[in-house]
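What follows is calculated from the coordinates using simple rules that are stated; it is not laboratory data. Remember, it's a predicted structure, so these values are computed and weren't measured experimentally. Please note: Cβ atoms are built from the backbone with ideal geometry, for glycine as well, and neighbour counts cover all protein chains shown.
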Amino acid sequence: MDKKKVYSGIRATGRLHLGNYFGAVKGMLQLQDKYDCVFSVVDLHAITTPYDPNTLKQNVRDVILDYLAAGLDPEKCLIEIQSSVPEHTELAYLLSTIYPVSRLEDLPTYKDKKVQYPKYINMGLLFYPVLMAADILLYKAEFVPVGIDQEPHLEVTREIARKFNQMFGQTFPEPQRFKSDGEYVPSLTGEGKMSKTIEGSFILLTDDLATIKYRLAAVPTDSGKLGGEVPKTGGIATLFSLLRLFERDDLYKKYEQDYKEGNIKYSEMKKEIADVIFNTLKPIQQKRAKLEDSFDLNEMIEKHTQICREVANQTLTQVKQEMGLI
Ligand code: ADP
């Protein structure tokens, strides 16, 4: 019981991609051996952007399968579906009463989403960081393995924890982001980050070699004859980042040299990157196929949900007492 607590979640907006893997899952894998971890499929966050109710449950299942295939061990960590633990939303409401609207309106993540979905600017989107704070604080987590894009939300979480502690007594730790080497995986489009909800930006953990090649073929490059330093942004930078992420410094150096000399062949580079990526993903895909055939997801989720709810209830009861509600 005195082990440090860890919480992280991924939205149920589709299968996991390399950004999710390097930014979040790799950190989860490191932490599950040492700490009390809850890893969530955050379906309530997924419905804040346009989605199809008919495929939501399948998306949840896909994220769980990807989690397990990538190495999360249900004997070592708890896996929950956010909406099955209603304490998340109840705590979020309580915490929302101590946090200013103006701070939420100023967050870069909210502003970005408003631009991405100008016809879908809903209350849930604005409320997202408060629910995320509740997700984490419900389990009194100290470490949160997420990508760098989530740092503003973690800052909100810390502010809420601090304010709550000041107003009602010491209750919550101020959680820190657990950083991994892949805290920012750039988009294949060469602009912004890789994301499930940005078409053409991602490579999925479940992509076969042909699909990986097809997706990489669309990465924008140049004539290959410019020479000079490797660009820091754009599609070419993304290709080089992928070599770094997959720890292929040998190939990185080779293509860096080619680039400098103005004789880089992107088709060859992309083919090599595709092979490197697929070699890492293949065992994950094989494990996923086995799980799909033989693993009882429902039974695991039911068991884990029960444990999560017990912990969640303790926190919620404490918070309600401190706030004078019970
Ligand atoms: P998406 O943007 O693909 O829908 P989520 O918002 O569900 O992903 O994020 C799930 C986790 O994956 C978070 O921890 C987030 O920081 C991480 N993540 C998402 N995209 C990237 C990326 N491109 N690079 C690093 N981490 C990422």
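Odds and ends about this structure:
- GNM remark for the chain: springs join alpha carbons under 10 Å apart, and the peak mean-square fluctuation among Asp207, Asp52, Asp149 falls on Asp52.
- Exposed GluC sites (Glu not before Pro) absent - longest run of the chain, DSSP non-H/G/I/E/B, at most 15 other C-beta within 10 Å: 76-190
- Fewest-first ranking of Leu245, Leu297, using other Cβ atoms within 10 Å as the exposure measure: Leu297, Leu245
- Dipole orientation for the range 209-287: of the candidates Thr238, Tyr266, Gln285, Gln285 has the Cα lying most toward the positive pole (charges on Cβ; Lys, Arg +1; Asp, Glu -1).
- Trypsin sites (Lys or Arg not before Pro) within the range 104-137, DSSP loop, no more than 13 other Cβ atoms inside 10 Å: Lys119
- Secondary-structure-derived ellipticity at 222 nm for the chain, considering helices only, amounts to -17000 deg cm²/dmol, per-run term -39500 (n - 2.57) for DSSP H runs with n ≥ 4.
- Among the cysteines of the chain, those whose beta-carbon sits 4.7 Å or more from every other cysteine beta-carbon are Cys308.
- A simple charge model with +1 on the Cβ of Lys and Arg, -1 on the Cβ of Asp and Glu and nothing else charged puts the dipole of the range 209-287 at about 320 debye relative to its Cα centre.
- In sequence order, calculated HN-Hα J values of the range 25-38 (Karplus, 6.51, -1.76, 1.60; Hz; x Gly/Pro): 5, 5, x, 4, 4, 5, 7, 5, 6, 10, 10, 7, 10, 10
- With respect to the chain, whose longest principal axis is taken over its alpha-carbon atoms, helix 297-322 is tilted by about 50°.
- Simple rule: put +1 on each Lys or Arg Cβ and -1 on each Asp or Glu Cβ in the range 151-235, find the dipole, and look at Asn165, Tyr184, Leu226; the Cα lying farthest toward the positive end is Asn165.
- Derived scalar couplings between HN and Hα for the range 101-108 equal 4, 4, 5, 5, 5, 8, 5, x Hz in order, rounded to whole Hz, by the Karplus curve 6.51 cos²θ - 1.76 cosθ + 1.60 (θ = phi - 60°), x for Gly and Pro.
- Tensor-based shape of the chain (alpha-carbon gyration tensor, a/c under 1.5 rounded, otherwise prolate or oblate): prolate
- Gaussian network model of the chain, springs between alpha carbon atoms under 10 Å - residue of Arg288, Arg11, Arg244 with greatest fluctuation: Arg244
- When Tyr7, Tyr99, Tyr117, Tyr93 are sorted by how many other C-beta atoms sit within 10 angstrom of their C-beta, beginning with the fewest, the order is Tyr93, Tyr117, Tyr99, Tyr7.
- Summed over all non-identical Cα pairs, the Kirkwood treatment of the range 209-287 gives a radius of 12.9 Å.
- Cleavage-rule hits (trypsin sites (Lys or Arg not before Pro)) in the range 140-228: DSSP loop, at most 16 neighbouring Cβ within 10 angstrom: Lys179, Lys225
- Inter-part distance, the range 59-132 to the range 187-232, computed on C-alpha centroids, equals 27 Å.
- Rounded tilt (10° steps) of 123-138 against the dominant C-alpha axis of the chain: 70
- Taking the number of Cβ atoms within 10 Å of each Cβ as an exposure proxy, the fewest-first ranking of His153, His304 is His304, His153.
- Between helix 235-245 and the chain: long-axis angle, C-alpha atoms, 0 to 90°, nearest 10: 70
- Summed residue charge, Cβ within 10 Å of Val6's Cβ, Lys/Arg positive, Asp/Glu negative: +2
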